[in-house]
Structures are given as C-alpha cells and as structure tokens.
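The values are calculated or read from the model by the stated rules, or taken from the named source; none is laboratory data. Everything numeric in this text was worked out from a predicted model, so none of it was measured. With ideal geometry, Cβ positions are generated from the backbone for all residues, glycine too; neighbour counts draw on all protein chains shown. Surface areas here come from the heavy atoms of the whole protein model, side chains and all, with no ligands, DNA or RNA. Shrake-Rupley method; radii C 1.70, N 1.55, O 1.52, S 1.80 Å.
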Amino acid sequence: MSILIFTIIGILIGVLSSLFGLGGGLIVVPILFALLPESIPASYLMHTAIGTSLAVMIINSLNSTLNHSRQNNVKWPIFRFFVLTISMGAFVGGVIASYVPSDGLRYVFIAFLIYVIISNVAKRTFTNAFTEHAFTYPKKSSGAISGIVIGFVSTLLGIGGSLMTIPYLRKRGLRMLHAVALATPLGLPIAIVGSITYLITGLQAEGMPDSTVGFIYFPALLGFTLGGFAGVPLGRIIAQKLPDGLFSKIYLLLLVLVVLMMIFG
C-alpha cells in the first residue's frame, strides 16, 4: 500500500478526527487491520494497527485541538479536571495490552463498541440537544475513577478517548461541539503514553519488517499525518455548523459503521 493512498485515506481520517474528536484511532484501527502488509506477522496485526493509530492520534489531536481552540470550542477547566487521571489509566492500559493476544484485542474492541452503541441508544440523554450551560461536574472521586477507566480502556484498544469521553460528557450535559473539542486534547495523553508503550514493547517482537519501529507502521503513519493536515480544518468547519441533536445521532451512526468494518473486514 503506497504512501499516496494512505495520504488520501488520511484526509478522511483528519475530517472525522476533528468532526468527532476521534484523534483517528476509531477509524485507523479497522482500516489498518484490513490494509497492513503480509510481512507483519498475523499474531501482531492488531497490535500494529493499535500502535500506529496511537501515533497518528498525537498529530491529529494536536492539529484538531489547535483548530477548535481558535474558535473557543475547548472548555479548558473541564480538560484540567480529567487530564491527570486519564494519563494514569493510559499508562496502565498500554503496559497490559502487550500481553493480550491480537484476536483477543479485536474481539474486545468489537464488544466494547456494541456496548457503547446500545447503552447510548437506550439512554436518550445522548441524543438530546443541550444548552451552552447545562454541564455539571462530577464529584472528584467519581471523576477520578472515570478518568482512569477512560485512559485504561482507550489505550488498551487504541481508540483514543472520544469513544468513552464523549458519551460521558454528554451524560453530564455538555453540548456535542464542546464534547468533541475536549475529546481531542484529552486524547493526547492516551496517544503519547500509548504510542511510546507500543513502540517499546513492539521492539521485543520477532519477525517484524523494516517498515515498522516497534508496533508502529511508518508508511501509514506518514500518509495519515499528511492527509490529516488537509482534513482536520474541514472537519472543524462542519462541526461548527451541525445542530447539537443531529450531531450526536451522526456520531452513533459512525460507531455502527466501525463495528461492521471490524466484524466483516
């Protein structure tokens, strides 16, 4: 697979990253699982997809955060409330992931996505349209536990924080635009800690090709990063214009599509 094709795919990933706060991981993992070369051992396919997606997230999250911050979409007090505990959970998740079989990670990924979709369809609060000042902070203890769980699961599965952060923030009354804008900087500690962990643990893996460093596949990382610089600003513009209720429904539809990609891909 050429860098040009990865760049074209990267534009779409950049749009979705900025539009849905994904940082790229939720889309990158199933795409890479399907497109990684045969030179990568089958037992390390999912690990490489996750490690590469975490590395892509660093660039996309920085780019998307900058774009949203310029429009005052990022609620920085909420960011400061969660960032430390999410970082702690991310470190533990990255270490444990190296001991989980590739197929096991794939099945956990699919099962978790299905749970998120069903639970958020059942809880109609996710698709409600919230006002600018509806958000309520959790207690410090429950907020800390939530942050650790978000960081742990997100790094373990290489999905960035948005899959858990956005439903959580929506439950507490935050508008979709601000939840998406927050998911990108909150995904940074997950991406940084996770990608370093996957890089280091992957160096111990036998049979990996020269196009990888640890569990990071560099042709995809380069292409997705280049494409992201074109896609991220476009995604932010679209996010700025979507009504809150419609925005949340489109997000849930995206999750359904990703589940289907992972099951049948």
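Where the centre of each part is set by its Cα atoms, how far does the range 195-265 sit from the range 44-68, in angstrom?
The distance from the Cα centre of the range 195-265 to that of the range 44-68 comes to 6 Å.
Among (i) -0.48, -1.05, -1.20; (ii) -0.45, -1.31, -1.58; (iii) -0.35, -1.00, -1.30, which one is log10 I(q)/I(0) by the Debye sum over Cα atoms at q = 0.09, 0.15, 0.17 Å⁻¹ computed from these coordinates?
(iii)
Rounded to the nearest 0.05, what FRET efficiency is calculated for ALA122 and VAL213 with R0 set to 45 Å and r the Cβ-Cβ distance? Before the final figure, lay out the partial values.
Numbers: r = 42 Å, r/R0 = 0.94.
About 0.60, to the nearest 0.05.
Note down the nm distance, to one decimal, between modelled labels 7 Å out along Cα→Cβ at LEU253 and at LEU222.
Between LEU253 and LEU222, the label points sit 3.6 nm apart.
Name the residues of the range 86-100 whose amide N is less than 20 Å from a point 7 angstrom out from the Cα of LYS140 along the C-beta direction?
Counting only backbone N, you get 86-89.
Work out the P(r) tail for the range 1-123: percent of alpha carbon pairs separated by more than 22 Å, whole number.
On the way: 3423 of 7503 pairs.
The share of Cα pairs beyond 22 Å in the range 1-123 comes to 46 percent.
In the range 1-125, carbon and sulfur make up what percent of the accessible area (probe 1.4 Å)? Don't skip to the end; give the middle numbers.
Working: 3730 of 5300 Å².
The C+S portion of the solvent-accessible surface of the range 1-125 is 70 percent.
Does the range 27-96 classify as rounded, prolate or oblate by the C-alpha gyration tensor (a ≥ b ≥ c root eigenvalues; a/c under 1.5 gives rounded; else a/b over b/c gives prolate, otherwise oblate)?
Numbers: a/c = 4.34, a/b = 1.76, b/c = 2.47.
Note, shape of the range 27-96 comes out oblate.
Quick one: length gained pulling LEU66 to MET88 fully straight, 0.36 nm per residue minus the C-alpha distance?
Working: separation 22, 0.36 × 22 = 7.92 nm, distance 2.38 nm.
Between LEU66 and MET88, full extension yields 5.5 nm more.
What residues of the range 165-191 lie in the reach of a label at TRP76, counting those whose backbone N is under 20 Å from a point 7 Å from the Cα along Cα→Cβ?
175, 177-190
Per residue, how much accessible surface does the chain expose to a 1.4 Å probe? Answer in Å², no decimals. Before the final figure, lay out the partial values.
Working: 11020 Å² over 265 residues.
I get 42 Å² per residue for the chain.
Rounded if a/c is under 1.5, else prolate if a/b beats b/c, else oblate: with a ≥ b ≥ c from the C-alpha gyration tensor eigenvalues square-rooted, which is the range 128-241?
Numbers: a/c = 4.06, a/b = 1.57, b/c = 2.59.
Oblate, since a/c reaches 1.5 and b/c is not below a/b.
Among the lysines in the chain, how many pairs, 8 or more places apart or on different chains, have alpha carbons under 23 Å apart?
13
Relative contact order, percent, of the chain when contacts are C-alpha pairs under 8 Å separated by at least 6 residues? It would help to have the intermediate numbers written out before the result.
Values: 488 pairs, mean separation 107.5, N = 265.
The normalised contact order for the chain reaches 41 percent.
Given Cα pairs under 8 Å that are at least 6 residues apart, what percent is the relative contact order of the range 131-230?
Values: 76 pairs, mean separation 22.0, N = 100.
In percent, rounded to a whole number, it is 22.
Multiply the residue separation of ILE5 and ILE96 by 0.36 nm, subtract the distance between their alpha-carbon atoms, and state the gained length in nm to one decimal.
Details: separation 91, 0.36 × 91 = 32.76 nm, distance 3.25 nm.
In short, 29.5 nm is gained.
Using the Cα centre as the reference, give the magnitude of the dipole from point charges on the C-beta atoms of the chain (Lys, Arg: +1; Asp, Glu: -1; all else neutral), rounded to the nearest 20 debye. All intermediate terms of the calculation are to be shown ahead of the outcome.
Values: 15 positive and 6 negative charges, 258 e Å.
Computed about the Cα centre, the dipole is about 1240 debye.
For a quick check: with amide H placed at 1.01 Å from N, whose amide H comes under 5 Å from TYR217's, ignoring anything fewer than 5 positions away on the same chain?
The answer is THR52.
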